[in-house]
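K.L.:
Here's a structure for you.
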Amino acid sequence: MKHFLICTIIAVSVSVAAGAQQATAQSVQSQPEIESDSTLMMSSKFSKNWEFNAGIGIQAYLAEYSRLNSQFRFKDWWSPALDLGITKWASPYFGLGLGFTAAQMKNGYMDGDKTAIFAKADDPAYTGSLDASGNPWLHVYSGYYGNFFAKAAFNATNILFGFNPDRKVELTGYLGGGLVFPLSEVNYKSRGSSFNAGLALQFRVAKHTLVNLGVRGSLISDDFNGIDYVASGDKKNIPLDGTIGATLGLSYKFGYVNRKNIKTGKVSEYDWVPAIDAYESSEYVAGIVKESSDNVAAAKDAVIADMTGMVAAGQSEISKLQKENEQMASVIAEKKDFWIHIAFDIDKWDISNNEKVDILAAANYIKSCPRETFVIRGYADMQTASPKHNEMLSHKRADAVRDCLVNDFGVDPTQLEVDYYGGVDYMFFSDEECSRSVIISNR
């Protein structure tokens with residue numbers, strides 16, 4: 001019982017530490033030097049970023065007679081094993097999950113000792129053990145048992161080298177605690193506690209599928225197999241049993257976040273620019289613009305026709321008409337609502353060629369309105385980083401778009417203003433990825 005309590009305390013401690021790690025994992029920032037449009041792995045939603053794995057392999061249950069008696073041969077330790085697991089990744093670095101192992105236990109017990117968990121009256125004698133008279137004294141039992149445990153998972157590659165969704169090979173691992181129990185008919189009912197650890201090399205073979213090559217081990221309370229701690233004569237061992245094993249299997253990742261692009265004209269509602277009154281709906285503004293354009297054209301023709309007869313009346317009258325024409329054009333320009341959305345990858349301010357197409361369209365429009373001033377507003381996603389980091393990120397995104405307009409497409413820098421707002425919460429369609437953006441709009 002004392003050993004059972006020790007292992008149980010270890011298991012509970014690991015689970016509590018893993019829970020604390022998940023609480024802090026959402027503040028982890030991805031590495032800014034990564035350049036990728038691939039599937040991302042950063043989400044605080046419970047429904048996102050799950051991994052299921054299954055594997056088969058071999059395992060040895062290390063108990064009293066396999067460890068103490070040289071006649072119990074190494075090749076007889078091993079038996080088949082099945083591993084299953086599911087993990088919720090709270091970040092690219094840490095996650096929580098559940099694991100289950102089903103395996104065969106093969107070991108030995110002495111003549112007359114029937115306390116072994118799978119011992120039966122007709123168990124065969126082990127041919128590798130003989131007493132002084134040449135008779136076998138060791139019997140072999142076998143049966144199946146299960147090990148169910150909670151685990152704290154970690155991605156060692158991301159922790160050491162930073163998150164990269166395009167990486168093809170990664171090293172992951174886990175620590176956890178749980179319960180072992182028999183699956184076959186038993187000599188007496190038994191349960192035990194377990195402390196578990198494992199490492200796996202994961203090789204990505206498809207977008208959501210990986211091949212796993214893993215090693216694992218566990219410490220199990222000594223009396224689970226019915227044979228307790230031995231400390232007499234030369235039969236001495238530690239008061240814990242254990243397992244070692246290796247498996248080959250597959251992992252499938254599901255619920256991962258994909259990058260989405262929101263293009264100009266696809267957004268109907270937004271709360272980060274002044275709202276338009278009901279009477280200034282898009283249909284109303286379009287009608288005003290058309291009517292004003294017709295009036296401007298008619299007024300221009302009338303001015304040109306009348307200017308011949310007005311030359312004698314003096315230059316002052318001509319200047320007055322020109323001023324009125326400019327005022328009318330200014331009123332029309334104020335009625336136009338122009339904006340373009342530029343999307344960015346998580347923790348990036350680099351501009352892709354796809355987004356440069358929209359920036360080129362914006363540049364052509366800005367150069368067609370030389371008397372107007374346009375504002376470049378930068379934003380970041382509140383869900384994935386600290387306020388200080390998001391403020392820096394939104395500032396760099398806005399500066400990158402301004403530099404592209406001026407240096408690549410020849411926009412007059414005096415027509416541009418830059419502003420940034422740090423992290424914002426779900427600007428479009430309740431999707432945090434749409435907040436990683438820059439908006440170009442007229443004032």
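K.L.:
Could you calculate the contour length gain from Y426 to L248, that is, 0.36 nm times the residue separation minus the distance between their Cα atoms, to one decimal place in nm?
P.N.:
59.9 nm is the gain from fully extending Y426 to L248.
K.L.:
Of the DSSP beta bridges with both residues in the range 336-443, give the percent that are antiparallel, rounding to the nearest 5.
P.N.:
60
K.L.:
Take the Cβ-Cβ distance between A156 and T414 as r, set R0 to 60 Å, and report the resulting FRET efficiency rounded to the nearest 0.05.
P.N.:
Efficiency at R0 = 60 Å is approximately 0.70.
K.L.:
A further question follows. How much length is gained if the chain between V357 and K300 is pulled fully straight, taking 0.36 nm per residue apart and subtracting their Cα-Cα distance, in nm to one decimal?
P.N.:
Extra length from V357 to K300 when fully extended: 17.0 nm.
Read-outs throughout are calculated quantities, based only on the coordinates presented, and are distinct from any laboratory measurement. For clarity, every value in this text was computed on a predicted model and none was experimentally measured. Methodologically, a virtual Cβ is constructed for each residue, glycine included, from the backbone with ideal geometry; neighbour enumeration extends over all protein chains shown.
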